[in-house]
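S.K.: Take this structure, written in structure tokens, and hold onto it; I'll ask about it next.
The values are calculated or read from the model by the stated rules, or taken from the named source; none is laboratory data. Computed from a prediction, not measured in an experiment: that's the story for all the values here. Because the Cβ atoms are built from the backbone with ideal geometry, glycine has one as well, and the counts that use them run over all protein chains shown.
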Amino acid sequence: MKLLVWILVLLNLGLLAYFNLDLILPKPAVVDRAIQPKNLKLLTEKELELLPKKIPVTVVASKTPDVQEAEQVQTSCYKWGNFTKTNLPAAQVVLVRLGLQSDVNQEANAQEDKRFWVYYPPLKTADLARKKAEEMKALGVDELFIVQDSQWRNAISFGLFQDEQLATKLLNELQSKGVKGAAKALHNPGKSLTSLLIKAVSVDAAAELHKVKPEFVGTELATTACPP
């Protein structure tokens, strides 16, 4: 009988201890992780230098086609001459329209600079000049253009030569094709001429210059060294 009583007492004590473990066992200590100002330390400049450095990440951006094309654009300088006082302003207007800058150079034209010009005399209007040019093209004349500068406006130019024999040969060929009224003359002999030094000419702008150059009879367009 006593044995049974002790067994019941022990069983009750065990159950009591099991349901009160949180009161019996000690609680874990809570670590206070708050920053304490008194524990802060200012590093010196030397200590900062000793700290491990982060390796910077370099981002390589791919270049767009437009940027690559812009970097590949090359420019040159051109000398355009020889101009007289009458056709120089018209040439400068062309350069302004193309967005090009130029310097004016005055040059003395020696006798060896003479050119022989094969041309058809100026007509009264631009329409008449275009019609006459179409008639000549129908006869098989491909190399011609209508002059636009003020001195020889609406004339039709066939070619300009240093060698007079070449000019005479062209004139004979025109006459053999049925072109009437063509003539040969010495162009701008012994006059003071002006040239234009054109800077930063792109490939596209150079192409435009070569297109308008024939309108200015007696002028030459060529690349030249750019000024420093």
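S.K.: Considering only residues that are assigned to a helix (DSSP H, G or I) and crowded, with 16+ Cβ neighbours inside 10 Å, look in region 82-108 and name the one that is farthest from the chain's Cα centre (by Cα).
M.R.: Per the criteria, the residue is Leu88.
S.K.: List the helices (runs of 4 or more DSSP H) that sit entirely inside region 124-228 and contain at least 3 residues that are within 18 Å of Ser76 (Cα to Cα).
M.R.: Counting at least 3 such residues, we get 203-212.
S.K.: Trp152 passes all but one of (1) surrounded by 15 or more Cβ atoms within 10 Å (Cβ to Cβ); (2) assigned by TED's automatic domain parsing to the domain that holds Trp80; which number fails?
M.R.: With respect to (1) surrounded by 15 or more Cβ atoms within 10 Å (Cβ to Cβ); (2) assigned by TED's automatic domain parsing to the domain that holds Trp80, Trp152 is out only on (2).
S.K.: Has region 119-131 got any residue that is more than 28 Å from the chain's Cα centre (by Cα), of a type in the set (A, V, I, L, M) and closer than 21 Å to His210 by Cα?
M.R.: No - not one qualifying residue is present in region 119-131.
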